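**Student:** One structure, as structure tokens, below. Some questions next.
The values are calculated or read from the model by the stated rules, or taken from the named source; none is laboratory data. Fair warning: this is a prediction, and the values are worked out from it, not measured in the lab. Cβ placement follows ideal geometry from the backbone for every residue including glycine, while neighbour counts extend to all protein chains displayed. Remember, those area values only see protein heavy atoms, side chains included, never the ligands or the DNA or RNA. Shrake-Rupley method; radii C 1.70, N 1.55, O 1.52, S 1.80 Å.
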Amino acid sequence: MIPRILNVDDSTTIRLSLARLFARFACEWRQAVNGEEGLAAALQEKPDLILSDWNMPVMDGITMVRRMRENPALKRIPVIMLTTEAGPEHIATAARLGVRDYVTKPFRDEELLAKVGRVIPLIPREET
């Protein structure tokens, strides 16, 4: 089964960068531009992993995670926060909500791939 990844980030640059990075791997890639869209996409798509920013308009990433944890259909979906928020209080808040891992921006591709690879299989796409 091909893993489904949902990226929730208001930055077009980050979304495009991550889409290119993960295009090398056998996975389904979905995107949302804020936590409200991310929550709706998670309900519809049931992703195997969510990569979420913290600071976004409409609904921030941590509010999205809180709402996911309240919903029996979504509460077990692993989340990796990918954010500029590097303070210990932010990391502690995310940990209390069961966020699987935390990556600060700017990030190194290798670091993010290693953390994602601990949650879902990252199998390189076959060259055609």
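**Student:** Pairs under 7 Å by beta carbon, first residue β-branched (Val, Ile, Thr) in segment 95-117, partner assigned to a helix (DSSP H, G or I), six or more apart or different chains?
**Tutor:** VAL99/VAL65; VAL103/GLU111; VAL103/LEU112; VAL103/LYS115
**Student:** Consider only pairs whose beta carbons are under 7 Å apart and that are at least six residues apart or on different chains; among these, list those whose first residue lies in segment 1-21 and is closer than 17 Å to PRO121 by Cα and at pLDDT 95 or above and whose second residue is open to solvent by less than 30 Å² (accessible area, probe 1.4 Å) and in a helix (DSSP H, G or I).
**Tutor:** Final answer for the pair search is ILE5/PHE22; LEU6/GLY38; LEU6/ALA41; LEU6/ALA42; ASN7/LEU18.
**Student:** Please enumerate the residues belonging to segment 3-33 that are out of contact with any Asp or Glu (no Cβ under 6 Å at 6 or more places or on another chain) and assigned to a loop (DSSP other than H, G, I, E, B).
**Tutor:** ASP10, SER11, ALA23, ARG24, ALA26, CYS27
**Student:** Do we have any residue at all in segment 50-62 that's touching a strand residue (DSSP E or B) at 6+ places or on another chain (Cβ under 9 Å), more than 13 Å from LEU6 (Cα to Cα) and outside any loop (DSSP other than H, G, I, E, B)?
**Tutor:** yes
**Student:** Among the residues of segment 74-128, write down those that are under 25 Å from LYS46 (Cα atoms), aliphatic (A, V, I, L, M), part of a helix (DSSP H, G or I) and open to solvent by less than 60 Å² (accessible area, probe 1.4 Å).
**Tutor:** ALA94, LEU112, LEU113, ALA114, VAL116
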